[in-house]
1. At 222 nm, what value in deg cm²/dmol follows for the chain if DSSP H runs of at least 4 each add -39500 (n - 2.57) and the sum is divided by all its residues, to the nearest 500?
2. Using a Debye calculation, one point per C-alpha and no hydration shell, please list log10 I(q)/I(0) for region 111-223 at q = 0.10 Å⁻¹ in order.
3. Measure of size requested: the Rg and Dmax of region 1-104, with Cα atoms as the atom set and Å as the unit; please supply both.
4. Mind ranking 3-16, 56-69 by how tightly packed they are, going by the mean number of other C-beta atoms within 10 angstrom, highest first?
5. Would you be so kind as to identify which of L71, W103, S83 lies farthest towards the positive end of the dipole of region 1-113, taking Lys and Arg as +1 and Asp and Glu as -1 on Cβ and the Cα centre as origin?
6. Taking Cα pairs under 8 Å and at least six residues apart, what relative contact order does region 16-100 come out at, in percent?
7. Which aspartates and glutamates have a Cα less than 12 Å from the Cα of K134, not counting those fewer than 8 places away in the same chain?
8. If you roll a 1.4 Å probe over the heavy atoms of the protein chains, what accessible area per residue do you get for the chain, in Å²?
Amino acid sequence: GTIPTQLGELTYVQNLNFTANSLSGGIPMQLGRLTELVSFDLSNNDLTGVVPTELGRLTDLELYDLAGNDLTGTTITFVFPFSIAEERAALEALYNATNGDNWADDLGSSGPGNDGWLVDSNHCEWSGVECNDKGRVSILDLKYNSLKGFIPTQLGQLSELVELELSGNDLTGTVPTQLGQLSKLEDLWLSSLDLTGTVPTELGKLTRLIFLTLSGGTATRLFFEEDDRTRNGLSGTIPVEFGNLKRLGGLDLSSNA
């Protein structure tokens, strides 16, 4: 038989294995909607045609195999919303917006400092930055690192980011709505800052979120501890869009205005 186009509606499936099933026809472009896929195996069938460019959206893929078919090419060219150069530019924007030359200079600061920032050509080697096997920024952890300034909107360009930790810094202004673009984000830690304004409704788009804290205290996965140095001053209501966060295991909005 053929691969039904309706499989593209299984948007939460993570593993797809149809190897050695005598499948014919082409690979439906609708499979490009399965952005949660981690493994994808269509090997040793009778598939024909070209590999759909839509499969390039499956940037979570760790393993895929299209061999043993009569396809034109067996390689998926991944397509990211932003280039690696744009990711680096986003990190540079953060450095410039938060007095990066003086990170971790405060007495008692426990952050990673600014080693390598703007100097090392590979931004994956910068302190507090970790990248995945595709060379994309996946973790940005600069908690208690004496950042002074504001959170730049360009952080929304880090499309592969899984964890963002900026707690315990001297950051003012609002939570950028562009953080709602970080569709792979699982942990968002913005506690013990001096943020104001409302909680952006756009955060309700982060359907992979497991932990979200915008509190005035220091939050960890194990306990909550008050930090008297600063408080967030967020106001307004909790967005109804947070009802979309089905995976959320921890939400802390304490010690706000």
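The values are calculated or read from the model by the stated rules, or taken from the named source; none is laboratory data. All of these numbers come straight from a predicted model, not from anything done at the bench. In this analysis, Cβ positions are derived from the backbone assuming ideal geometry, glycine residues included, and neighbour counts consider all displayed protein chains. These accessible areas exclude ligands, DNA and RNA; they are computed on the full protein's heavy atoms, side chains included. Shrake-Rupley method; radii C 1.70, N 1.55, O 1.52, S 1.80 Å.
1. -2000 deg cm²/dmol
2. Result of the Debye calculation: -0.27.
3. So, for region 1-104, Rg and Dmax equal 18.5, 63 Å respectively.
4. Highest-to-lowest ranking by the protection proxy: 56-69, 3-16.
5. L71
6. With pairs under 8 Å counted, the relative contact order is 26 percent.
7. D60, E62, E160
8. I get 47 Å² per residue for this part.
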